[in-house]
Amino acid sequence: MKIKVTFPDKKIVEINSGASAAEAIASWNKDALTNAVAVKLNGEIVDLSRVLKKDAVIDVIDVNSDAGLDILRHSISHVMAHAVQEVFKGAKVSIGPSIQDGFYYDFEYEKPFTTDDFEKIETKMREIIKADYPFVREEIERQKAVKLFTERKEDYKVELINDLPPDIEIVSIYKDGNYIDLCRGPHIPSTGVIKAFKLLSVAGAYWRGDEKNKMLQRIYGTGFADEESLTNYLTLLEEAKKRDHRKLGKELDLFQVNEEAGAGLIIFHPKGMMLRYIIEDWERKEHLKRGYEMVMGPQILKVDLWKKSGHFEHYRDNMYFTEVDEQTYGIKPMNCLSHMLIYKSKIRSYRDLPLRYFELGTVHRHEKTGVLHGLLRVRQFTQDDAHILCTPEQLNTEIRAIADFVNYAMGIFGFEYEVELSTKPDHYIGTDQDWQLATDALKNALEDNKINYVINEGDGAFYGPKIDFKLKDALKRKWQCATIQCDFTLPERFDLSYIGADGEKHRPVMLHRVILGAIERFMGVLIEHYAGAFPVWLAPTQCILLTVTDKHIPYAQSVYEKLTEAGIRCEKFFENEKLGYKIRQAQMQKIPYMLVIGDKEVSAAAVAPRARDGANLGSVPVQEFIELVKEMCEKRK
RNA sequence: GCCGAUGUAGCUCAGCCGGCAGAGCAACUGAUUCGUAAUCAGUAGGUCGCCAGUUCGAUUCUGGCCAUCGGCUCCA
C-alpha cells in the first residue's frame, strides 16, 4: 500500500506504508538527511526511525535548530548516563533533560563525583559514540517497565513510572547498546551522530527539586552539532567570566564583601559609591518629575506593627530582630509600614489621591548562606521603593504609568526585559475576592499597555499579586528588578481610609513598586551589562589626565582644576612613568577618556583626548572637551 | 539550609610523600624625563581563613567553624 507524505516545500512523495520517516525524507531530498536528527510528523516531534503507516505531513528537524539541539543534547545526556554507569558501577539514574545551552543528568552514587572524574566519563562517552549504537525506541506495558527497572535497581525510574497518571498503560524506553532509559524521546538515530560535547560541572540537586528529598549528584554538560560551535560556546563562557561583576568590582575598585564584616553585606568603595550616587540622583529626579514625594522611615519598628501587617507571621524567617529596652523591634525587610503610617497621619480626601510615597529604603533580609552572590543576592540592600495609595478607579492609570516608567528606565540603560504576572501563592493573607480584583487590575493594565507577559502561577507576594520585570544579564540569566504589586490587604489591616465625594469613608488600594529593584542588584547587572566600561554619564571617573613628562605637571594641574570646577569627574596620573604605561593603566580601569598632556597641549591650552576604544581625538581646547562631556551626560551616553 | 570544591603577600597564583614559605603584578626607594596598552635596578611585605586534634615537628594529615565558588531549594 502506498501513502502520501507532504514536505515543507509542498512536494508530495509517495512511499510504501511501513517505511520510516528517514526513508521518506531520503526519497524527497537526500541532502536533507545530512543534518537531520528527528522529524516533525503531523506537528509532533518524533524519531527519524518512526514508521509511517498513513498519509503524513513531515518537516525535518535540523541539528542546528533549537529543537534539533535540544534532541542532540538530550541524547548526549543519555550517553553520559550510559558512560557513568559503566565507569561507576551501581550509580542510579534519575532524570537527564536538555536545558538552555546544554544538558544535565542526576545520579545517586555512594561516592561524590568530582571534575577529576570527567576525563574517565568523557573517554567512555567517546567509546560509546564510536561504537555508534542506534537509539532504539520500544513501547512496553507499564507493569513490564516497572519490572524491568526494578530488576535493574533503578529506583528513581520505578518511582517515575508509578507516579504517571493511572490511564497511561504504555511507556517508551530507549536503548543504546546495553543502556536502557525510561524516556519519552525523541532521540538522534545513533550515538555516532554526536560530534562535539563537554562535561562542565558537578553540583548537588534535590530529587524532583524538593528540598525534603534526597540530594542527588548532577553533572552538567553541553553539546553542539560541531566542534567549532562548541569552541565558540566555551569561548563565550570565558568572556562572560571576564565581565563577572565580582571580578570587575575588585579590579575597578567599586566594592567589597568582607568576611569580618559579614556575608552578604556590601561595602561600597569611593568609585562604587559614585556610581551608586549617580544612579540614585537620576532616580530621585525622575520620581519628582512623575509626582512622587520623597519620604523616609526608620530601620527598626516595633514587633507589634510587623504582627499587624502579617510580616511576623509570613516573613519572620527572613527578618532580623533586635531587643531594645525590653522591647522587640523588627529590622525592616520592606518599606511599606512607615509609608502606611504617613498615610494614616491625617484624614485623607479623595482629592488627595493618588499619593505616591518614594523612599530609597534600605532593608535587611536574612537570606540563606548558600544563595548569597556578589551584589546580586545580599542581606542588606536599598530598594527604589514607592507605595501608591489610590482609589480603585485610579488603579489602572497608576499601574500603566509605572509600567511606562519601568520601560523608560530600562531604555536609559539599554536593558531588555521580560514580563511575568505572578498570582496567589500557597501562603497568603486577604480574601480570594480581593486577590481576584488585584490580579485583574494588573492584567488589564498590562493588556491596555499592550505588554506581552507570561503567567507565573503561585509566585505572588503573600499580600498580593505582582507584575515582575525580569531583565537579562550577560550570562542570559534573568534577574527580577522592577516589580509592581497590587495590595488590597494591607490597607485593610491598617484600616486606611479616605473620604469620598459622597462624604463616606472608603478604602484605598495600595501599589508597592520598585523600578530598578534593589540598587545593589541593579548595579551588579549593570556592571556585567557594560562589562565595567560605563558610559560617560555613569562612569565614576570620566577622564584621567596623563602627563608626558614632569614638566607638564603645572599645566596639567590647572586643567584638573578647570575640569573639576566644571563638575567633571577627573583623575590625575602625574607619576614619573612612560606614557604607554599610563595609558595601559587607564585602559584597564576602563576610563572613558585619557587626556594626554605634552608640549603641544601646553602651548595650545588644550588636551589630547584618547577615547577608551583607542580613538585619538587629537588636540582639543579644554573648554571644548568640557562641553563634549557635558553633552554626553545630558544625553545619557 | 543542602551537595561538592576552594581559602597561601594588596591582586593573580605556584608550593611533591609532614622538616624554617615562592613568583609575577601592585607598593616603597633610586635612576630615567620619555607622545598613545607594561623603562631599569633595588627594598619591604605572610598568624598559609579561624579553632581544636594527631605528631618530636602541621601551610601540608584529621575534625569543627567561618567565608568564597559551582549548583539545588528560596528570593529584590
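The values are calculated or read from the model by the stated rules, or taken from the named source; none is laboratory data. Here the structure is a predicted model, which is why all the values come from computation and not from measurement. Note: ideal-geometry Cβ built from the backbone for every residue, glycine included; neighbour counts use all protein chains shown. Ligands, DNA and RNA are stripped out before the accessible areas are found, and what is left, the full protein with its side chains, is counted by its heavy atoms. Shrake-Rupley method; radii C 1.70, N 1.55, O 1.52, S 1.80 Å.
Among the criteria (1) over 30 Å from A:G414 (Cβ atoms); (2) open to solvent by 50 Å² or more (accessible area, probe 1.4 Å), the one A:Q587 does not fulfil is (1).
Using the structure shown, decide if A:V202 is in contact with a strand residue (DSSP E or B) (Cβ under 8 Å, 6 or more places away or on another chain), in the same structural domain as A:I95 (by TED's automatic domain parsing) and either part of a helix (DSSP H, G or I) or farther than 19 Å from A:L48 by Cα (or both). Steps first, answer last, please.
Details: in contact with a strand residue (DSSP E or B) (Cβ under 8 Å, 6 or more places away or on another chain): yes; in the same structural domain as A:I95 (by TED's automatic domain parsing): yes; either part of a helix (DSSP H, G or I) or farther than 19 Å from A:L48 by Cα (or both): yes.
Yes: the conditions hold for A:V202.
Reported count of residues in region A:601-627, each being assigned to a loop (DSSP other than H, G, I, E, B), more than 8 Å from RNA strand B (Cβ to nearest atom) and touching a helix residue (DSSP H, G or I) at 6+ places or on another chain (Cβ under 9 Å), is 2. Going through (1) in contact with a helix residue (DSSP H, G or I) (Cβ under 8 Å, 6 or more places away or on another chain); (2) within 12 Å of RNA strand B (Cβ to nearest atom) one by one, A:F321 falls short only on (2).
Could you please let me know if A:H512 is open to solvent by less than 50 Å² (accessible area, probe 1.4 Å), at negative phi and not polar (S, T, N, Q)? Full working, then the answer.
Numbers: open to solvent by less than 50 Å² (accessible area, probe 1.4 Å): yes; at negative phi: yes; not polar (S, T, N, Q): yes.
In short, yes.
Scan region A:510-530 for residues that are of a type in the set (G, A, S) and either in a strand (DSSP E or B) or not assigned by TED's automatic domain parsing to the domain that holds A:A441 (or both) and the total you get is 2. Residues that are small (G, A, S) and at pLDDT below 95 within region A:275-314 comprise A:S309, A:G310, listed in sequence order. For region A:498-509, the set of residues classified as open to solvent by 30 Å² or more (accessible area, probe 1.4 Å), in contact (Cβ under 8 Å) with a residue 24 or more places away in the chain and part of a loop (DSSP other than H, G, I, E, B) consists of A:A501 only.
Can you tell me how many residues in region A:239-253 are in a helix (DSSP H, G or I) and more than 11 Å from RNA strand B (Cβ to nearest atom)? I'd like the intermediate steps shown before the answer.
Here is the first cut: in region A:239-253, the ones in a helix (DSSP H, G or I) are A:239-242, A:245-251.
After this cut, where a residue has to be more than 11 Å from RNA strand B (Cβ to nearest atom) as well, the list is A:239, A:242, A:248.
Residues in region A:239-253 being in a helix (DSSP H, G or I) and more than 11 Å from RNA strand B (Cβ to nearest atom): 3 in total.
Which of the residues spanning region A:531-563 are in contact with a Lys or Arg (Cβ under 7 Å, 6 or more places away or on another chain) and within 11 Å of RNA strand B (Cβ to nearest atom)? Answer for region A:531-563, where residues must be in contact with a Lys or Arg (Cβ under 7 Å, 6 or more places away or on another chain) and within 11 Å of RNA strand B (Cβ to nearest atom): A:A533, A:L546. Applying a threshold of 8 Å to beta carbon distances and a minimum spacing of six or more residues, or different chains, the list of pairs starting in region A:540-553 at a residue that is in a strand (DSSP E or B) and ending at one that is of a type in the set (S, T, N, Q) reads A:I544/A:Q589. Under the condition of being surrounded by fewer than 19 Cβ atoms within 10 Å (Cβ to Cβ) and within 27 Å of the chain's Cα centre (by Cα), the residues counted in region A:429-445 number 3. When we screen A:K630, A:K637, A:K572 for residues that are in a loop (DSSP other than H, G, I, E, B), open to solvent by 60 Å² or more (accessible area, probe 1.4 Å), more than 10 Å from RNA strand B (Cβ to nearest atom) and under 28 Å from A:A531 (Cα atoms), the only hit is A:K637.
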